[in-house]
Amino acid sequence: MKARVHVTLKNGVLDPQGKAIEKTLGNLGFKGVGDVRQGKVIEIDLDETDTAKAEAAVKDMCEQLLANTVIENYTIELDAA
C-alpha cells in the first residue's frame, strides 16, 4: 500500500516561501495569482494491506514526526498498490 501525506501550514501561520512564490509569479507576468501557500508531500510504501491499520499507522507517523501539528495540517491518501 502507498500512503501520500500532504503537509501544509495552518491558516494564520506566516508562509514566507509561499509569499516569495506569489511575488515571483507576479514578476514573471502571471496575472490574477492570489495568496500562495506551499507545503510538502511525503510518499511512504507500506507493507500493510488493511486500510484502517495503514491509516492509523500513518496518522501516528504524522503526529510523531512528519507534521508539526502546532502549526501544520496534514491529510492522508492511501492507494492499494
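Set the Förster radius R0 to 22 Å, insert the Cβ-Cβ distance between Glu63 and Arg37 as r into 1/(1 + (r/R0)^6), and round the FRET efficiency to 0.05.
About 0.55, to the nearest 0.05.
Rounded to the nearest 20 debye, what is the charge dipole size of the chain about its Cα centre when +1 sits on each Lys and Arg Cβ and -1 on each Asp and Glu Cβ? Numbers along the way, then the final one.
Numbers: 10 positive and 14 negative charges, 126 e Å.
So the magnitude is around 600 debye.
Identify which of Asp50, Asp60, Asp15 has the largest mean-square fluctuation in a Gaussian network model of the chain, with springs joining Cα atoms closer than 10 Å.
Asp50
Could you tell me whether the chain comes out rounded, prolate or oblate from its Cα gyration tensor? Rule is a ≥ b ≥ c as square roots of the eigenvalues, rounded for a/c under 1.5, then prolate if a/b exceeds b/c, otherwise oblate.
Values: a/c = 3.91, a/b = 2.14, b/c = 1.83.
Prolate, because a/c is 1.5 or more and a/b exceeds b/c.
For the chain, run through the GluC sites (Glu not before Pro) and keep only the ones in DSSP coil with at most 14 other Cβ atoms within 10 Å of their Cβ. Don't jump to the answer; show the numbers that get you there.
Details: sites: Glu22, Glu43, Glu48, Glu55, Glu63, Glu72, Glu77; in loops: Glu48.
Qualifying residues, ordered by number: none.
Checking the cross-link filter: which lysines have an alpha carbon closer than 27 Å to that of Lys31, excluding same-chain neighbours under 8 positions apart?
Within the straight-line limit of under 27 Å, Lys31 reaches these lysines: Lys10, Lys19, Lys23, Lys40.
Return the sequence-ordered ³J(HN,Hα) values of segment 17-25 in whole Hz as given by the Karplus equation 6.51 cos²θ - 1.76 cosθ + 1.60 applied to θ = phi - 60°, using x for Gly and Pro.
Working through the residues one at a time gives 5, x, 5, 5, 5, 4, 5, 5, 4 Hz.
Using a simple spin-label model with points 7 Å from Cα along the Cα→Cβ vector, what separation in nm is obtained for Arg4 and Asp50?
The answer from the label model is 2.6 nm.
Between Ala20, Gly39, Ala56, whose Cα lies farthest towards the positive end of the dipole of the chain when Lys and Arg beta carbons carry +1 and Asp and Glu beta carbons carry -1, centred on the Cα centre?
Ala20
Could you give the angle, 0 to 90 degrees to the nearest 10, between helix 51-61's Cα long axis and the longest principal axis of the Cα atoms of the chain?
60 degrees
Every read-out reported here was derived from the displayed coordinates using simple, explicitly stated rules and does not represent laboratory data. Computed from a predicted structure; not experimentally measured. Positions of Cβ are generated from backbone atoms using ideal geometry, with glycine treated the same way; all protein chains shown enter the neighbour counts.
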